[in-house]
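Undergrad: The following block contains the structure, expressed as structure tokens.
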Amino acid sequence: MIEDGIVQLLYAQSGVTSLIGSAGIYPVLLPKDALGPPNPFVALTYQRVSEVTDNIFEANPRFNLKRSRFQFDAWGGGINGYSLARQLKRAVCAALLDFRGTLPDADSTMVRDVLPDTAMDLFEDGPRYFRKTFDLIVWYLEPR
């Protein structure tokens with residue numbers, strides 16, 4: 001499954017793991033216990049926002065060509081929370097943008113390209129966390 005491959009690829013990147021420390025990478029929601037203490041904290045959440053199957057590739061009996069939009073949220077808390085979230089976003093983008101190759105998931109998903117899409121800065125006032133939200137478009141082959 002592509003999500004597993006992306007997460008495994010990110011955990012293999014020292015630029016990412018040096019920032020997330022004991023927090024981590026989570027699907028969809030950031031667990032409350034991931035936010036600390038200790039402060040500051042850094043964590044990453046992800047979700048698949050959309051998926052399209054390219055019909056031109058239907059003649060291939062082994063694979064479907066997919067285009068998925070993944071949304072990532074780089075979270076940072078504490079006095080340097082904004083800077084930490086920005087550093088994590090940069091590390092994730094450095095690992096994924098223009099990636100072409102096989103992911104380390106059980107399906108050995110073959111990625112054709114990873115492209116940037118949208119990005120924005122957000123702030124969660126209640127818990128006072130900074131968040132860098134960014135979307136990446138991933139073109140990949142999914143086994144049938």
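Undergrad: Would you tally the residues in the stretch 12-31 being surrounded by 14 or more Cβ atoms within 10 Å (Cβ to Cβ) and of a type in the set (Ser, Thr, Tyr)? Steps first, answer last, please.
TA: Here is the first cut: in the stretch 12-31, the residues surrounded by 14 or more Cβ atoms within 10 Å (Cβ to Cβ) are 13, 15-17, 19-20, 23-26, 30.
Then keep just the ones that are of a type in the set (Ser, Thr, Tyr); that gives 17, 26.
Qualifying residue count for the region: 2.
Undergrad: Okay, next question. Give me a count of the residues in the stretch 85-142 that are buried (at least 16 other Cβ atoms within 10 Å of the Cβ), hydroxyl-bearing (Ser, Thr, Tyr) and either in contact with a Phe, Trp or Tyr (Cβ under 7 Å, 6 or more places away or on another chain) or under 24 Å from residue 18 (Cα atoms) (or both).
TA: The qualifying residues number 3.
Undergrad: Looking at the stretch 66-74, is at least one residue in contact (Cβ under 8 Å) with a residue 60 or more places away in the chain and more than 20 Å from residue 25 (Cα to Cα)? So that I can check it myself, show each step before the final result.
TA: Within the stretch 66-74, the first condition is being in contact (Cβ under 8 Å) with a residue 60 or more places away in the chain, and the residues that meet it are 66-74.
Among the residues that remain, those that are also more than 20 Å from residue 25 (Cα to Cα) are: 66-67.
Yes: the stretch 66-74 contains one or more residues that are in contact (Cβ under 8 Å) with a residue 60 or more places away in the chain and more than 20 Å from residue 25 (Cα to Cα).
Undergrad: Another question, then. Whether any residue in the stretch 50-63 is farther than 25 Å from residue 111 by Cα and at pLDDT below 80 is what I want to check.
TA: Within the stretch 50-63, the first condition is being farther than 25 Å from residue 111 by Cα, and the residues that meet it are none.
No: zero hits.
Undergrad: Something else about it: Taking the stretch 25-44 as the search range and keeping residues that are touching a strand residue (DSSP E or B) at 6+ places or on another chain (Cβ under 6 Å) and modelled with pLDDT of 70 or more, which one is farthest from residue 78 (Cα to Cα)?
TA: Among those residues, the one meeting the criterion is 28.
Undergrad: Among the residues of the stretch 1-13, how many are among the small types (Gly, Ala, Ser) and at pLDDT 95 or above? Before the answer, list the steps.
TA: First pass over the stretch 1-13, keeping only residues among the small types (Gly, Ala, Ser): 5, 12.
Now narrow it down to the ones that are at pLDDT 95 or above: 5.
The number of residues fulfilling the criteria is 1.
Undergrad: Turning to a different aspect of this structure: List, please: which pairs have Cβ atoms under 7 Å, are six or more places apart or on different chains, and start with a residue in the stretch 120-135 that is modelled with pLDDT of 95 or more and end with one that is surrounded by 16 or more Cβ atoms within 10 Å (Cβ to Cβ) and aromatic (Phe, Trp, Tyr)?
TA: From the stretch 120-135, the pairs are 134/72; 135/70.
Undergrad: If we only count strands (runs of 3 or more DSSP E) wholly inside the stretch 63-144, which ones have 1 or more residues that are farther than 19 Å from residue 4 by Cα and touching a helix residue (DSSP H, G or I) at 6+ places or on another chain (Cβ under 6 Å)?
TA: Details: elements: 63-76, 110-124, 129-143.
Result: 63-76, 129-143.
The values are calculated or read from the model by the stated rules, or taken from the named source; none is laboratory data. What you see is a predicted model, and the numbers here were worked out from it, not measured in a lab. Virtual Cβ from ideal backbone geometry, glycine too; neighbours counted across all protein chains shown.
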